[in-house]
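Read the structure below first, then the notes.
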Ligand code: AMP
Ligand code: MG
């Protein structure tokens, strides 16, 4: 049986990223950048005021104090968006607002709250009184202090997060190259399964994977295509797989990959010419798991049990979908925390237990650990990797794998 790492390496090693598309930045939020973007501009673009106040020459205010305030002549006013007033001479200042360019000669801003506006003098210009010195460059946002023209803004493989979207727009970038949306067909197999809204006969259950995985896929930036439930019938499964492979880059099936008499997925896939690369991974839950290739598309055959399908999605499908998009980091984020209870795995496979991490980092089991315990899964926000034949003690510090919606 393959180790998890071997299985992951075989999946990600076989997948090359889909071709990029060049689209308007406004359409690209959440997409995976496929061509690095460098800064065409400095940020800030010019020295500008961080406050509403007065641009001054700090040297003029060296001796300012409460008993001896310095009087400055206000020679101009610049609102944000206006060109700055002319150079300031000795004893002069200019009214500025947040974002206004700093006039030439000025090297600091005094907040408007810290000045007294004196009456107009004989030349009908306003004057202000300042009773404290100001450090050079106080309240001035310097050109290029955040980002310098030519700096790398985002590299290939990074997701266009809200912060990156803001940065690229601030740079006036109109178009970006991102991975095209990856289409993923979701095929649930099982004669016992019913669609939501349908009445249940005894021994029937509602299907529960397609919509949970569709949400996950959307969050990863892929486009899920949900197909109707297929019964445990070789020909029906073969036909559905044929259609799903024609319409998608990836097909995710659930159920029917074990060794039961009705487990047709692997055989139907092979009948279409699909190549099964492996179908067992040494993890719990999720031992039966099929991975294979067909005409440039990929099959992930997930186990039918809801928890097994969810866990194998996180550990094996997620890195595959991210590789297809060209994402540069495939691992689930791992966070340390403290166990509130002992946890043991007497079995022979690594057990990815469903846990709940609270705000302070305390980790407890999310509930029953059976591969059918969907109630516990819904409460979980992490996976704890427990080695075969091992026990972890209460209060031990351990690492938990988290996911996007945890
Ligand atoms: P299988 O892998 O097809 O043998 O299914 C294993 C278990 O998971 C059985 O109890 C199935 O009824 C259940 N199961 C399979 N597929 C689904 C599904 N899509 N939704 C809910 N339960 C399922
Ligand atoms: Mg089944």
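The values are calculated or read from the model by the stated rules, or taken from the named source; none is laboratory data. These numbers come from a predicted model, not from an experiment. With ideal geometry, Cβ positions are generated from the backbone for all residues, glycine too; neighbour counts draw on all protein chains shown.
Could you please find all residues in the stretch 243-263 being crowded, with 16+ Cβ neighbours inside 10 Å and at pLDDT 95 or above?
Within the stretch 243-263, 244, 245, 248, 249, 250, 251, 252, 253, 254, 255 meet the criteria.
Within the stretch 1-59, which residues are in a strand (DSSP E or B) and under 30 Å from residue 116 (Cβ atoms)?
Within the stretch 1-59, 48, 49, 53, 54, 55, 56 qualify.
Quick check on this structure: which one of 133, 103 is at negative phi, touching a helix residue (DSSP H, G or I) at 6+ places or on another chain (Cβ under 7 Å) and in a loop (DSSP other than H, G, I, E, B)?
The conditions single out 133.
Considering only the stretch 155-176, I want to know if a residue exists there that is surrounded by 17 or more Cβ atoms within 10 Å (Cβ to Cβ) and farther than 26 Å from residue 220 by Cβ.
Yes: the stretch 155-176 contains one or more residues that are surrounded by 17 or more Cβ atoms within 10 Å (Cβ to Cβ) and farther than 26 Å from residue 220 by Cβ.
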